[in-house]
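Engineer: Structure below; questions to follow.
Any read-out appearing in this document is the output of simple, stated calculations on the displayed coordinates, not a laboratory observation. This one's a predicted model, so the numbers in the text were calculated from it and none came from an experiment. Glycine gets a Cβ as well: all are built from the backbone with ideal geometry, and neighbour counts include every protein chain shown.
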Amino acid sequence: MTSSVQRKRIRKSPDDRRAEIVGAAAAVALTEGLECITLRRIADELDVRPGLISHYFPAVEDLVAEAFGSAATAELETLLPADPPDGSSLNHLARFFAHTTGPDYDDMSRLWLNVRHLSRYRPVLRERVLGQETLWRGRLGGVVQAGVDRGEFRTEDANLTAVRILVVIDGLASHANTGLGNHPSSVTRLAAATAERELGLPDGALTLPEPPARTSTDEQS
């Protein structure tokens, strides 16, 4: 007599299931674009019926907006955490600029390009973009103001300085589809240079030092 053991499906809580759906949609958004998010596509990604996705998101536009919001919030918490590792605003900004260039940042840059184009035609998405931009300005402005309060920076308007920095970052991000590899360092670090000028810092103050080269002694130890 033979017996078969069926794999038991784990019933997830509504909050966990919703978070799983949004996470899958955010992953699709980052790798393929917001246009590729459909209820059926996300259902296939999670190996569930499309009806389950529509139960949580009856309108795909809401899922698209939620996916972008999730990815953008995760980016913000990574690049400008509310609780930085140390109390130095200067180090906080230097780490920020170090992570806003290069291949690791390109997917998010492409997503911002994608969402700003689509939000022109999609009101729900446009509202989410405006909300995320407000969060970014507030978080960066807070870092600048904290540095002013500590005497690390000098600026008369922390919020205006934050806007100017973000405008330059957005301008550089527009090259995500073509790459910045052929540009000189004076271009790739333009956002950091702008911040240094705005905050009364010397050139290079917001550039993290290169890690020391490994020596043969290091490799043998």
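Engineer: Using label points projected 7 Å from each Cα along Cα→Cβ, tell me how many nm separate residue 160 and residue 44, to one decimal.
Structural biologist: 5.2 nm
Engineer: Given axes a ≥ b ≥ c from the Cα gyration tensor, I'd like to know whether the stretch 85-151 is rounded (a/c under 1.5), prolate (a/b larger than b/c) or oblate.
Structural biologist: oblate
Engineer: Between residue 62 and residue 78, what is 0.36 nm times their sequence separation minus the Cα-Cα distance? Round to one decimal in nm.
Structural biologist: Full extension of this stretch gives 3.3 nm more.
Engineer: With charges only on Cβ, +1 for K and R and -1 for D and E, what is the dipole size of the stretch 13-140 about its Cα centre, in debye, rounded to 20?
Structural biologist: That gives the stretch 13-140 a dipole magnitude of about 480 debye.
Engineer: Over the stretch 1-142, what is the mean sequence separation of C-alpha contacts under 8 Å (at least six apart), divided by residue count, expressed as relative contact order in percent?
Structural biologist: Normalised by residue count, the contact order of the stretch 1-142 is 24 percent.
Engineer: So, in nm, how far is label residue 208 from label residue 11 when the simple model puts each one 7 Å beyond its Cα toward the Cβ?
Structural biologist: 4.6 nm
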